[in-house]
Structures are given as C-alpha cells and as structure tokens.
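What follows is a single structure, written as structure tokens, with notes after it.
The values are calculated or read from the model by the stated rules, or taken from the named source; none is laboratory data. Here the structure is a predicted model, which is why all the values come from computation and not from measurement. Note that each Cβ is placed from the backbone with ideal geometry, even for glycine, and that neighbours are counted across all protein chains shown. Each accessible area value is taken on the protein alone, full model and side chains, heavy atoms only, with ligands, DNA and RNA left out. Shrake-Rupley method; radii C 1.70, N 1.55, O 1.52, S 1.80 Å.
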Amino acid sequence: GLITHSRSVHDPNIPLLCWYGIEPLIEVDAGKALELMNKTPWPELKDFITRRAATVANGRSAILSSLSNANNPDEYFKRAQQLLTALDSLPPVEKPEGWEAAREKGNKLASKKPELGNLISRLGTRFGDSSFFPHWRSIVHNGKSGAPQRIEAMEILTLGNDPELGEMAREVLDTPPLRAAAIQALRKHPGPDTATAIVSRIDQFPVKLRNEAINFLSTREDMALILLEAVDRKEVPSSLLSTVMLDQFGRYKNEKIDEIIQANWTMGSGGIDIARLTAAVNDWKKKLSPQIL
C-alpha cells in the first residue's frame, strides 16, 4: 500500500526504505516485484526493480512478459532500455523465455517509435538471436562505417556469441583502429587460426597491444607453439617474450616448445661468470649513466 502513495514520490527516505524491503525478494519472485513496479508512481523505484530483475533469469523472463503486453511505445522503450543497461554489467546470458513475443510486440510498436528497431536489435543480439547477427556483421565489414560503430558492433556480436565473429575479427586485424577490439573478440575464438593471424601482424602493433596479444597467445599450448615457431624463424624478436613467460611455456611439457626455447634463449646462469657478477653490475651502472638513459 505504501508504494502507491503519490505524495511520497519526492520523499528522500520512503522510496529507498521500500526498495530495501523489496530488493532481497526479487530473486525469489521477480513476477511479483514487477507487479509492484506497475503499481507505484515512483520513477526511481520502477528503475531499481527493473534493473535488479534483469540480473536474474526469472527476472528477465518477467520483464519480457511485461514488454509483450505493453501497448505504449514509450513505456516499452524505457523498460527495454533499462533491461539492456542492466545486461551491460553481466556476462553473456541465454535467450530468456518470452523473447519472441516481446520482439514481435516491439516490432509492432516500432511503427510509432522508430528508435525501437535499433533497441530491439541490440537486445536480440545480446540474447544470441541469430536473426540480428547479419545487421551487425555488415557494420563490422563496412569500411565506410566509423571505427566506433564497427567496434561497438564487434562488442555486441561478442556478447551474443556470434560463431562467425572469429573470422571477422581476424580479418580486421589489418585495420589499426579496430585491432584492440579484434584481440578482445578473439579471446572467445582461440586456436591455431587466431594465433597465426596475430603472429603475422604482431610487429605492427603498438607496445601495449603487442604485450596483450602475446599474453593472450601464451594462454594455450597450441597458440604458444605458433608464437615460438615464429621466433625460431626470426619473424618475431625473441626479446618480446619475458623469462616469466618462457617459464610458463616450459610447464606445457611440450618437446617442440622446449627445443625452441633452448635454441633461442640462454636460461638460468649459463654463460655468466658468477664470481664476477658484482663487478659486472658495477660496470653496467657506469655505462648506463643517467645521461645515457
């Protein structure tokens, strides 16, 4: 009863107190929470309930059910936008029950509010609805689109688990403004093809991105081997790989990896006269003076 009091809409405490009571129960019964949301005139409470419900599976289904019954395009847009905003803080989620009905209703309402089309496309892709993938793929492939738009499209397809994203991301590694986003997308598509594409271009990457790429390649044995083979062929400088990373590669217990490391790096104290170590350090301190550095 309290949340129906329109007089309390500007009260600094009552809406929050009601929210503190409702919030723990949303995960238990999201449908009931959305019923409360429809009864209250308090905009802040409506926003809180929608965003919190979007973080749980039954809450997303309940929100989509409310969207499929919406008749006001502005209300549909606002609630769908809140859902999309909440999804931004979550990892990829499965397509909720009720998405098809909500999509159909949104498409009908889009005739009265054109902005709904883009919002529905974003939500659908986020839910892995493959019918929306071609639109975002076309933006990634379109060289006339701006870099921010192409990067956003890759990010959306990444969240939607587009199976074709790996091939697209490997292709756009040749476009400097898209490289960082492509590396991020390829984290979901590791393997020999990805490693080969990155290694063949790694000397063109700026330092930070190059380090990120090498760290990524080191996460799998098959990709690490491709990187090391490029070092062995003198296509990638051995100086790009740290001793810590080489130690990590050694833990794969791969004979070919071990052979390449032994052929290209001196590990341990080999070649160093331990007895002259202190003198050698002092010599280098003199050579590498502050002026030289």
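Of everything in the stretch 140-165, what is open to solvent by 70 Å² or more (accessible area, probe 1.4 Å) and either under 18 Å from E100 (Cα atoms) or basic (K, R) (or both)? Give them in sequence order.
Correct list: K144 only.
If the requirement is being open to solvent by 30 Å² or more (accessible area, probe 1.4 Å), at pLDDT 90 or above and of a type in the set (D, E, K, R), which of these qualifies: R51, R137?
R137
Return yes or no: is S131 open to solvent by 60 Å² or more (accessible area, probe 1.4 Å), small (G, A, S) and assigned to a helix (DSSP H, G or I)?
Yes; evaluated as a whole, the condition is true for this residue.
Can you work out which of the residues in the stretch 188-222 that are of a type in the set (S, T, N, Q) and part of a helix (DSSP H, G or I) is surrounded by the most Cβ atoms within 10 Å (Cβ to Cβ)?
T194
Out of the residues in the stretch 11-31 that are part of a helix (DSSP H, G or I) and modelled with pLDDT under 90, which is most open to solvent (accessible area, probe 1.4 Å)?
For the stretch 11-31, the residue satisfying everything is G31.
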